[in-house]
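Colleague: Structure in structure tokens, see below.
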Amino acid sequence: MQDDTDLLLRRILTDVLGLKQGQAETFDADTGLFGHLPELDSMAVAGLLTELEDRLDIIIEDDEIDGEMLETFGGLLEFAKAKRATA
């Protein structure tokens, strides 16, 4: 069963990156994001991070952003869950 953070993250990715409806629903923990999705380029990262902060009610510090966090859906989901747990 998907949790609230998982569902929200899929919606955010769909909205920010302009993905096809249902595309994010097929993502699993190993689905590549940055470097794998052409929609997620360096320009889109800023918009994605802003939407994560707004919709998940979290604050992402500059030193928390790294390539590993954005490498896979699972990595981004774990990051988002951890941030929400400490918010």
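Colleague: For the pair E25 and S42, how long in nm is the line joining their label points, each one 7 Å along Cα→Cβ?
Modeller: Taking the simple label geometry, E25 and S42 are separated by 3.5 nm.
Colleague: Please sort 48-54, 32-38 by packing, taking for each peptide the average over its residues of neighbouring beta carbons within 10 angstrom, highest first.
Modeller: Ranked by mean Cβ neighbours within 10 Å, highest first: 48-54, 32-38.
Colleague: Which three semi-axes in whole Å describe the equivalent ellipsoid of the chain, each the square root of 5 times a Cα gyration tensor eigenvalue, listed largest first?
Modeller: Gyration-tensor ellipsoid for the chain: 17, 15, 12 Å.
Colleague: Okay, next question. Taking H placed 1.01 Å from N in the peptide plane, check which residues at least 5 places from T31 or on another chain put their amide H under 5 Å from its amide H.
Modeller: F73, G74
Colleague: Per DSSP H run of n ≥ 4, the term is -39500 (n - 2.57); total these for the chain, divide by its residue number, and report the mean residue ellipticity at 222 nm rounded to 500 deg cm²/dmol.
Modeller: It comes out at -17000 deg cm²/dmol, rounded to the nearest 500.
Every number here is computed from the coordinates shown, using simple stated rules; none is lab data. Keep in mind the model is a prediction, meaning the values are calculated, not measured. Cβ: placed from backbone, ideal geometry, glycine included. Neighbour counts: every protein chain shown.
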